[in-house]
Each structure stands twice: as structure tokens, then as C-alpha cells.
1. Quote the FRET efficiency, to the nearest 0.05, computed for ARG58 versus SER152 with a Förster distance R0 of 41 Å and r equal to the Cβ-Cβ distance.
2. If we count every other residue with Cβ under 14 angstrom of PRO153's Cβ, Lys/Arg +1 and Asp/Glu -1, where does the sum land?
3. What do the square roots of 5 times the Cα gyration tensor eigenvalues come to for the stretch 124-186, in whole Å, largest first, as semi-axes of the equivalent ellipsoid?
4. Counting only the backbone N, which residues of the stretch 164-186 are under 19 Å from the spot 7 Å out from the Cα of VAL128 toward its beta-carbon?
5. Exactly which GluC sites (Glu not before Pro) in the stretch 171-259 are in a DSSP loop and have at most 11 other Cβ atoms within 10 Å?
6. Provide Rg and Dmax in Å for the stretch 141-256, with only Cα atoms included in the calculation.
7. Taking amide H positions as placed 1.01 Å from N in the peptide plane, with prolines and chain starts having none, which residues 5 or more places from VAL251, or on another chain, fall under 5 Å of its amide H?
8. Quick check: pseudo-label points 7 Å beyond the Cα along Cα→Cβ at ALA161 and VAL219, how many nm apart are they?
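What follows draws every value from the coordinates through simple rules; no lab data is involved. Here the structure is a predicted model, which means the values were calculated and not measured. All Cβ positions, even for glycine, are placed from backbone atoms using ideal geometry, and neighbour counts span all protein chains on display.
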Amino acid sequence: MGESNPGASGSAGVGTAFPAEPDGAPHPGGPGSEGIRPGGVLKRELVRDAVLGMVEERRAGDAIPSERTLCVQLGVSRPTVRAAVDELVAAGVLIREHGRGVFVAPEKITQELVPGRHSLGVPRASGVWTSRLLEFTTVPAGARVGRRLRLSPAAQVVYVARLRLVDGFPMAIEHLHIPAALVPGLTARELEHGDLYEHLRTHHGVHVHEATQTIEPTVVTRAEAELLEVPELSPALLFERLTTDTAGRPVEYVHSIYRGDRYRIVSRLSLRADSAPAAPAEGHHPGIPPGDFVQSDPVTASTLGDVQERR
């Protein structure tokens, strides 16, 4: 990792140090000293928090101190520092450049999804989003896509592959499937520069109404890695969306691969602590163990993430 002036990072580099005692425990006044002697997991978490503090005081592309410097500042072993930094590199917070060091990664892209089931109107994601058309053709739906769009496998669908870019950098690969009967005369230019939903409304009388979207982790293939400019098998997010119109008819099926190092999902929960207790309901919100919240009023949430808005 690249060398850096230990004091250059301000208080995040020195003020968060927790010098180790001879037996390996932190200094009595440091983090983790309230009656708990940290093991390897806690030490790595303390180092991770300290490095995250340094990241918050820097800009994208700035270097963080070297492993040797961090060991001295934080009073921990080199393997502990390396493990914590490796986690932040894998999470996309830091970027390791061979022979040069470790640097602050660009900010991840976030976007707030407006709560509610009856609106597709959402704020635009940060950055300047553009598209590069990779493929535009008409093909049979096949069994899998046909099931989603409620079409015969032999029915024709318009297939579109687009590379989505943010500020000129590749962010996602998007695969669209639209029943061909819904969009006669649809051109590649309309998809590259226009708004598909507006086109469906004004030219075909199709009014999109609701979309169901799923998100799951995955890794990129070699071909996807080349387009997204990341190593093969890098972590990614798989988005699948099915959009229906006001009559409940499927009008679009999309699956997209988003770079895991540049995109994140954030949920904000609204909790009613003054509600009367109620029996625990079946299931639970992701990330909240069952039984943590048993109020009678529902928990509401808004999520930061992808809606694959169109430009």
C-alpha cells in the first residue's frame, strides 16, 4: 500500500488510535476497553471503523496510509490491518492498485424509491446517466421469458441490451424484453434517447401502472466483466423487474447486472415505539431479527436503490 504522511489524515488517523498492550489488548482508554478484551474479529472491526473515518475525510482517488503506518497508528498487527482493508476493498469502499497503494473509491450510486404501490414516479439517481445500445432485435420469447410475460414461447418479443453509464463510467448491463405486439415500429433510437414508458403511453395507449422488482447478489461472467470493466467473478447485484399496465397485463420484463462495488441499497425504517405491543407477525423485514419489533402498527420503509430510470 502507498506510503502517506501519518498526520495528513487529521484526527481520523491519530485520534482513533488504540495502542495495544503487551498482552494484545487495547490501551485501557481506547475503543473496546469497557470490560471486554477484543479478539480478532473485534480488532478487525475497530481497524475497519478507523479506516472508514479516514475515508470520510478524503476524496475519491486519495490514498490512505500504508499498512505499516496503520499498524503504528492503531497499535495492531499487520495481518489485522490487511484483513480489515481487504474487506473494504471487497465492499468497494477502497481500491487497491498494484504497486501504487490503496485509494478511496468513487462514491456508490444511490437512489430513493418512493414508498407506495401505485406510482412509478421516483427521483432520478445521482450522476449523469446515459445508455449505449449493445443489441436490438426481435426474437421468440422462449419458455422463461414467456412465463413472465404470459406469452407463448413462440411469441415475438423485442429484446434490447443496453450498457448503462454514470458520468461516462459503466454501471450496469440491462436486458429488456417487451412483447413485440405492444410496440410496432419501436426503433433503437427511441430506446437510446427516449423514454420507453412515455412512448408506450403516447404511441400505443399502454399505461404502465405497477412494477415488481427483486434484488439478489451474484457475480459477473467474463463477458459482463469486460463490459463493466471489473475483474471476472466480481460481486454484483442482479435486478429483475416485471412491469404491468393498468389492466394488469405484463408489458416489460427486465433483468440487469449492476456493479457491486459502485451500487448500494439503503433502507430507512419508520418505527412506532409508542404502539401497544402485539403478537409477533409471521416473517420479518430483511436485516431485522424476528421479535425485535412487535408493535401493532406496521413498520414503514423507504429504500435507496435502483429503479433503472430511463433516459
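1. 0.15
2. Net charge around PRO153: +4.
3. After scaling each eigenvalue by five and taking roots: 27, 11, 10 Å.
4. Hits in the stretch 164-186 for VAL128 at 19 Å: 164-172.
5. Those that pass, being in a loop and sparsely packed, are GLU229.
6. 15.1, 43
7. It is THR243, THR244, ASP245, by chain and number.
8. 2.1
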